[in-house]
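> Next up is a structure, given as structure tokens.
The values are calculated or read from the model by the stated rules, or taken from the named source; none is laboratory data. This structure is a prediction, so every number in the text was calculated from the model and none was measured. Positions of Cβ are generated from backbone atoms using ideal geometry, with glycine treated the same way; all protein chains shown enter the neighbour counts.
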Amino acid sequence: MFGRKKVDLKKQYDERLLADIDRAFALWTNCKKNQETIYEADAQLAAQTKAAKAQYELLYREARLRQVKGHLQSSVISH
């Protein structure tokens, strides 16, 4: 109204969801590496890894339901 641009909320929240997915994936990967490298991994570390995986999968499923198109990661692209 009055010449202002309307903010596309879906696009804004989709970008936020993609950023959250990237953060959750990085956290899960870090937890997996920690669990593999620590010789005496305890139950707390295993639970932390399991929680990080569940968080990533939840966000990933939400993105699939919303049919969000993501961006390519630089590590995937080979020159």
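> When you go through GLN67, GLN44 one by one, which is the residue that is at positive phi and modelled with pLDDT of 85 or more?
Answer to the selection: GLN67.
> While we're here: Can you pull out the residues in region 6-20 that are modelled with pLDDT under 85 and acidic (Asp, Glu)?
Of everything in region 6-20, just one residue is modelled with pLDDT under 85 and acidic (Asp, Glu), namely ASP8.
> While we're here: Report, by residue number, each residue of region 23-39 that is assigned to a helix (DSSP H, G or I), free of Cβ contacts under 8 Å to residues at least 12 places away in the same chain and either within 16 Å of ARG66 (Cβ to Cβ) or hydrophobic (A, V, I, L, M, F, W, C) (or both).
ALA26
> In region 31-46, what count of residues is obtained for those that are exposed (fewer than 11 other Cβ atoms within 10 Å of the Cβ) and within 23 Å of the chain's Cα centre (by Cα)?
Within region 31-46, residues that are exposed (fewer than 11 other Cβ atoms within 10 Å of the Cβ) and within 23 Å of the chain's Cα centre (by Cα) number 3.
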